[in-house]
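The values are calculated or read from the model by the stated rules, or taken from the named source; none is laboratory data. As the structure is a prediction and not an experimental result, all values here were calculated from the model. Quick reminder, even Gly has a Cβ in these numbers, built from the backbone with ideal geometry, and neighbours come from all protein chains shown. Just so you know, the surface numbers come from the protein's heavy atoms only, side chains and all, with ligands and any DNA or RNA stripped out. Shrake-Rupley method; radii C 1.70, N 1.55, O 1.52, S 1.80 Å.
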Amino acid sequence: MMQAGTTDVPDISLEWYREITEVAHATPTPVQWFAVHFTEAAILLLGALFLLAAAPRLLRGKPWDRAVALVAPVTVVLAYACSEALKTVFDEARPCRGAATVVAGHCPPVGDWSFPSNHATIAGALAATTLLLSRRLGLVAVPLALLAALSRVFVGVHYPHDVAAGLFLGALVALAGTPLIARPVADLLARHTTHPDRLPATADHP
């Protein structure tokens, strides 16, 4: 085990980090440039996929469909909050603190802890909610989230176990929280909807 901050880093994660960053340093400069920008842009792309998946449900969906689309962003924020809370428990220093150079060009400041990865958490949550809304777009979002998480290791700012935990946390909160929160919202929408598949209240009286 290697000491980092006050949290021990698993040997296997440290070994994978070194191997991945060695590959990163050996890649051409354009690849490194792309990786640095992709690690941020991937979150925007995942957000765009989520909006594409949510829009049809919000515009034409039944109460349950609209409820899921409405509360899904809430669970993404909740996943991020959980990630931030865990960082205060596992105060693991960034791996780039002990590295001479990283592809990212700079290392986040001291106190911006490494475990779990916020980027990976948000990516996992966005991919999971997109999958809930649209299987077709979700199958694009999932591998994109995996690449977004891997890019955080590639540029040198996270250990592999940081991003793996982030992806799991984001997906777990989104998949468990979205249906749970959507249920009362769907009930509320159903009571106020004029959806054509709902009969009016006077239909029982010919």
(message) With a 1.4 Å probe and all protein chains left in place, how much of the accessible area of the chain comes from carbon and sulfur atoms, in whole percent?
(response) 69 percent
(request) Would you kindly state how much longer the chain becomes between LEU44 and GLU15 on full extension, computed as 0.36 nm times their sequence separation minus their alpha carbon distance, in nm to one decimal? (result) 7.4 nm
(message) For the chain, which cysteines have no second Cys with its Cβ under 4.7 Å from theirs?
(response) CYS82
(request) Kindly rank 46-56, 161-171, 23-33 from highest to lowest mean number of other beta carbons found within 10 Å of each residue. (result) 161-171, 46-56, 23-33
(message) Can you tell me the convex hull volume per residue for region 84-156, based on C-alpha atoms, in Å³ to the nearest whole number?
(response) 79 Å³
(message) Quick check: net charge around PHE90, other residues with Cβ under 14 Å of its Cβ, Lys/Arg +1 and Asp/Glu -1?
(response) -4
(request) Evaluate the charge dipole of the chain about its Cα centre and quote only its size in Debye, nearest 20, assuming +1 on the Cβ of each Lys and Arg and -1 on the Cβ of each Asp and Glu. (result) 880 debye
